[in-house]
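For reference, the structure discussed in these notes is given below.
A short reminder: the numbers here are calculations on the coordinates, not readings from a lab. Predicted model only: the values in this text are computed from it and were never measured. All Cβ positions, even for glycine, are placed from backbone atoms using ideal geometry, and neighbour counts span all protein chains on display.
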Protein chains: 2
Amino acid sequence: MARTKEFNEDHALDKAIEIFWHKGYNGTSAQDLVTHLGLSRSSLYDTFGDKQQLFMKSLQRYQLQAQESVKELLEKSENVEETLKAIFKQAVIESLEDRITKGCFMVNSSVELAMHDEEIAKIVKSNSQTMEEVFTNAVKKGQEAGHISKQLDAKVLARFIFNNYCGIRVLARAGERNKQVYDDIVKAVFSVL
Amino acid sequence: MARTKEFNEDHALDKAIEIFWHKGYNGTSAQDLVTHLGLSRSSLYDTFGDKQQLFMKSLQRYQLQAQESVKELLEKSENVEETLKAIFKQAVIESLEDRITKGCFMVNSSVELAMHDEEIAKIVKSNSQTMEEVFTNAVKKGQEAGHISKQLDAKVLARFIFNNYCGIRVLARAGERNKQVYDDIVKAVFSVL
DNA sequence: CCAATTCAGGAACGATTGTTCCGTATTTTT
DNA sequence: AAAAATACGGAACAATCGTTCCTGAATTGG
């Protein structure tokens with residue numbers, strides 16, 4: 001009965017993630033979205049509602065993608081310390097090679113919007129909680145296997161790790177291009193584990 | 001020959017810091033500035049140029065204020081570890097009691113603008129460098145006095161400390177109100193020193 | 001073929017953006 | 001007192017903002 005959608009909704013969301021990630025919410029105009037997503041104004045608004053809804057869907061999709069990989073890596077890991085190191089190393093690589101430094105979409109959004117938009121705040125909070133759980137479980141496993149020191153509680157270490165992970169993403173967003181800076185931070189972090 | 005200014009320029013800048021800090025650059029409108037600074041549009045533009053210039057002057061003034069206190073505290077300190085603990089404790093207190101969570105103006109600005117405004121990027125970079133130096137010198141002093149472990153280089157520790165400091169400020173901006181989270185991070189950080 | 005649905009494109013909306021300008025009031029110096 | 005300079009409030013600017021709506025073409029299933 002009806003014409004089928006010509007564009008893939010998820011693919012369009014990925015494009016939205018890109019530009020929101022790069023320019024932020026307030027920095028991205030409706031015209032930016034039209035240009036970057038390759039949709040017409042009408043299709044865009046028909047499909048995603050308004051700008052705020054599109055942003056939230058983008059952020060939620062990003063959260064899903066970002067959490068999935070870390071969670072899976074850590075749960076399947078047989079040496080948590082090594083896996084954590086690999087995760088940090090990957091973050092450093094991304095920070096350095098990203099020609100347009102984007103940092104972390106979640107961190108950027110939480111700084112820009114969390115205190116002014118309650119719905120965004122909810123997403124940020126849910127992300128923090130999930131990440132804390134994922135890291136806590138991982139650390140516990142690492143401690144039981146003897147790969148991570150038991151001197152500090154798993155939850156303490158999890159929060160500590162997450163804090164440094166966020167810090168590194170801010171550093172990247174600020175345009176830090178000196179690999180040594182990142183390596184030093186990672187080195188100090190892992191001296192605790 | 002001429003009429004004297006009725007308002008204090010620095011006091012106006014402090015007001016500008018407040019609102020830019022709270023709402024960000026893109027989130028603050030010209031009307032917001034007029035209302036919050038208590039100046040007329042004309043006086044505002046005559047005195048500070050345009051919005052971007054006012055923002056830069058605000059950020060520079062903030063940088064001066066923020067650096068001054070930390071620098072002085074650490075240079076006068078006789079036990080660097082204790083002083084660093086006090087500085088972190090203070091950051092935690094501010095994060096918790098700040099009813100409108102503002103985080104750190106420098107961190108917020110670097111996330112929002114550093115990659116889109118070269119002049120802001122310069123300020124951010126100069127801030128990072130200065131803070132790194134201040135922390136490095138402090139750590140060196142602490143290591144020589146035996147208050148801080150020599151297991152890691154002073155510069156490594158300085159970058160590590162700064163990273164966690166930024167992370168905590170992001171956490172605050174994101175609206176974290178659980179003191180235990182901050183305390184855990186601080187605990188883990190100081191287990192390295 | 002018909003009816004239904006979605007597409008793209010662009011005109012148009014009112015609101016708000018940052019900025020400029022003008023007339024008037026006020027204060028200072030000569 | 002006169003003259004110069006600046007602050008002030010507010011009107012007005014063009015531009016852009018997010019959003020809505022309309023048009024006609026395209027594509028689908030019945």
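For each pair in B:89/B:187; B:85/B:140; A:85/B:141; A:23/B:125, compute the distance between the two Cα atoms and list the pairs where it is over 22 Å. Table pairs above 22 Å Cα-Cα are A:85/B:141. Backbone geometry of the stretch A:26-40 corresponds, through the Karplus equation with coefficients 6.51, -1.76 and 1.60 at θ = phi - 60°, to 3J(HN,Hα) couplings of 5, x, 9, 8, 4, 5, 3, 5, 4, 4, 6, 7, x, 9, 7 Hz, x marking Gly and Pro.
With a cut-off of at most 10 other beta carbons within 10 Å, and DSSP calling the residue loop, which trypsin sites (Lys or Arg not before Pro) in the stretch B:35-126 qualify? Please list them.
Numbers: sites: B:41, B:51, B:57, B:61, B:71, B:76, B:85, B:89, B:99, B:102, B:122, B:125; in loops: B:99, B:102.
Passing both the DSSP loop test and the Cβ count: B:99.
Note on the protein assembly as shown: the alpha carbon radius of gyration divided by the globular reference 2.2 N^0.38 Å gives 1.05. Anisotropy class assigned to the stretch A:63-190 is oblate, per the alpha carbon gyration tensor with a/c at or over the 1.5 cut-off and a/b no larger than b/c. In terms of surrounding Cβ atoms within a 10 Å radius of their Cβ, A:68, B:133 rank from fewest to most as A:68, B:133. Relative to the other identical copies, residue B:178 shows label-point distances of 3.5 nm, where the label point lies 7 Å from Cα along the Cβ direction and values run shortest first. As a proxy for reagent exposure, A:33, A:193 were ordered by neighbouring Cβ count within 10 angstrom, fewest first; the result is A:193, A:33.
What number comes out for the charge environment of residue A:56, summing +1 per Lys or Arg and -1 per Asp or Glu over other residues with Cβ under 12 Å away? Intermediate values should be presented prior to the final figure.
Numbers: positive: A:51, A:57, A:61, A:122; negative: A:50, A:117, A:118, A:119.
Local charge sum for residue A:56: 0.
Label separation (residue B:18 vs residue A:18): 4.3 nm, computed from points 7 Å beyond Cα along the C-beta direction. Legend: ranking of residues B:149, A:29 from fewest to most surrounding C-beta atoms inside 10 Å; resulting order A:29, B:149.
Other residues within the sphere of radius under 11 Å centred on the Cβ of residue A:101, judged by their own Cβ, net out at +1 (K and R +1, D and E -1).
To the nearest ten degrees, helix A:154-173 and the longest principal axis of the Cα atoms of chain A are 50 degrees apart. Counting charges near residue A:153 (Lys, Arg +1; Asp, Glu -1) among other residues having Cβ under 15 Å from its Cβ returns a value of +1. What whole-number distance in Å separates the alpha-carbon centres of the stretch B:8-74 and the stretch B:148-193? Cα centres, the stretch B:8-74 to the stretch B:148-193: 28 Å.
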